[in-house]
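Beneath this line is the structure, given in structure tokens, with notes to follow.
The values are calculated or read from the model by the stated rules, or taken from the named source; none is laboratory data. Predicted, not measured: the structure shown is a model, and the values here were computed from it. Note that we place each Cβ from the backbone using ideal geometry, even for glycine, and neighbour counts take in every protein chain shown.
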Amino acid sequence: MKILAIQGSPRPEGHTQAVLDIVLDAAAQAGASTEVIQLSEYHDLSGCIECFACQQTPDAPGCVVEDDMQDVLHRLLGADVIVLATPVFCWSPSWYLKMMMDRCYCLFKFRGPNQVECLLEGKKLAAVISSGGPEGDGADLVIQTCSRLAEFSKTEWLGAFLAASVKDVESIRADGELIERARAFGRKLAS
Ligand SMILES: Cc1cc2nc3c(=O)[nH]c(=O)nc-3n(C[C@H](O)[C@H](O)[C@H](O)COP(=O)(O)O)c2cc1C
């Protein structure tokens with residue numbers, strides 16, 4: 001089982017990564033291979049330009065925007081489980097993660113009216129989210145956004161792990177109840 005996490009926080013050692021570490025550690029102990037892409041460490045990233053050139057390539061991404069997202073798109077295709085990791089920023093995923101989701105447009109192939117296929121079909125999708133406020137302060141909307149991507153891409157939605165109302169990395173690492181839930185989620189991803 002190959003788990004690929006796409007980390008959308010601008011802080012590679014922030015709250016989201018602290019939670020993701022716990023989840024992936026449990027998944028690795030359960031036998032999965034794990035990998036993290038830190039989107040903030042790429043320097044050449046841009047959004048979908050709506051050229052629709054990708055629709056001319058039926059069985060590969062076919063995106064003509066030659067930036068660092070090309071690497072991400074190809075690594076997505078090699079994963080069994082994709083984990084979308086993000087903080088909640090203004091009731092939304094971070095811009096890094098939203099940009100990545102938009103660029104996944106090229107993985108959808110619109111074959112005809114009401115006929116869409118996705119190159120991610122058959123994979124599993126999950127989310128790891130951290131937020132400063134309680135779930136209703138925007139994390140609920142981020143969970144909906146991620147699960148809607150799963151539905152549209154015909155991937156199996158494994159659910160979201162939310163660390164809400166987080167204060168700092170130290171208190172995440174000292175929260176036994178959160179750690180237990182995060183580890184259980186990691187084992188679920190690996191199963
Ligand atoms: C620009 C910005 C916008 C934010 N918006 C929200 C929000 O709408 N709802 C919320 O619960 N927390 C919000 N937060 C708090 C972050 O989601 C929270 O601190 C998160 O754990 C940061 O994770 P990170 O350290 O991985 O980036 C916001 C923080 C920033 C910097």
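Within region 100-117, the residues that satisfy the criterion of being within 23 Å of Tyr42 (Cβ to Cβ) and more than 16 Å from the ligand (Cβ to nearest atom) are Met101, Asp102, Arg103, Cys104, Tyr105, Cys106, Leu107, Phe108. The residues on offer are Ala26, Ala5, Ala30, and the sole one that is in contact (Cβ under 8 Å) with a residue 24 or more places away in the chain, among the hydrophobic types (A, V, I, L, M, F, W, C) and within 15 Å of the ligand (Cβ to nearest atom) is Ala5.
Remark: pairs (first residue in region 139-160, more than 17 Å from Tyr96 (Cα to Cα) and among the aliphatic types (A, V, I, L, M); second residue within 13 Å of the ligand (Cβ to nearest atom) and in a helix (DSSP H, G or I); Cβ separation under 9 Å; 6+ apart in sequence or on different chains) = Ala160/Ala139; Ala160/Val142; Ala160/Ile143. Conditions first: (1) part of a strand (DSSP E or B); (2) out of contact with any Asp or Glu (no Cβ under 7 Å at 6 or more places or on another chain); (3) surrounded by 15 or more Cβ atoms within 10 Å (Cβ to Cβ). Lys109 passes all but one, so which condition is the exception? It fails just one condition, (2).
Within 15 Å of the ligand (Cβ to nearest atom), crowded, with 17+ Cβ neighbours inside 10 Å and over 22 Å from Lys2 (Cβ atoms): is that true of Ser131 in this structure? So Ser131 passes the test.
Does Arg75 meet the test of being on the phi < 0 side of the Ramachandran plot, away from the ligand (no atom under 14 Å from the Cβ) and basic (Lys, Arg)? Yes; evaluated as a whole, the condition is true for this residue.
When region 143-170 is filtered for residues that are over 20 Å from Phe185 (Cβ atoms) and either within 12 Å of the ligand (Cβ to nearest atom) or within 11 Å of the chain's Cα centre (by Cα) (or both), the ones remaining, listed by number, are Lys167, Asp168. Here Asp21 meets each of (1) farther than 30 Å from Asp175 by Cα; (2) out of contact with any Cys (no Cβ under 6 Å at 6 or more places or on another chain) with one exception, condition (1). Given the condition closer than 21 Å to Val142 by Cα, away from the ligand (no atom under 13 Å from the Cβ) and either at pLDDT below 95 or surrounded by 15 or more Cβ atoms within 10 Å (Cβ to Cβ) (or both), answer yes or no: does some residue in region 62-70 qualify? Taking every residue of region 62-70 in turn, none turns out to be closer than 21 Å to Val142 by Cα, away from the ligand (no atom under 13 Å from the Cβ) and either at pLDDT below 95 or surrounded by 15 or more Cβ atoms within 10 Å (Cβ to Cβ) (or both). Residues in region 100-118 that are under 17 Å from the mean Cα position of the chain (by Cα) and within 16 Å of Arg148 (Cα to Cα): Met100, Met101, Asp102, Arg103, Cys104, Tyr105, Leu107, Phe108, Cys118. Per the conditions (1) under 17 Å from Leu97 (Cα atoms); (2) more than 14 Å from the ligand (Cβ to nearest atom), the sole criterion not satisfied by Ile179 is (1).
Of all the criteria given as (1) buried (at least 19 other Cβ atoms within 10 Å of the Cβ); (2) within 14 Å of the ligand (Cβ to nearest atom); (3) part of a strand (DSSP E or B), the one not satisfied by Val36 is (1).
Here's the yes/no breakdown for (1) touching a His at 6+ places or on another chain (Cβ under 9 Å); (2) polar (S, T, N, Q); (3) under 18 Å from Thr155 (Cβ atoms):
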site: Asp21; (1), (2), (3): no, no, no
site: Asp25; (1), (2), (3): no, no, no
site: Ala32; (1), (2), (3): no, no, yes
site: Gln38; (1), (2), (3): no, yes, no
site: Val64; (1), (2), (3): no, no, no
site: Met69; (1), (2), (3): no, no, no
site: Leu97; (1), (2), (3): no, no, yes
site: Leu107; (1), (2), (3): no, no, yes
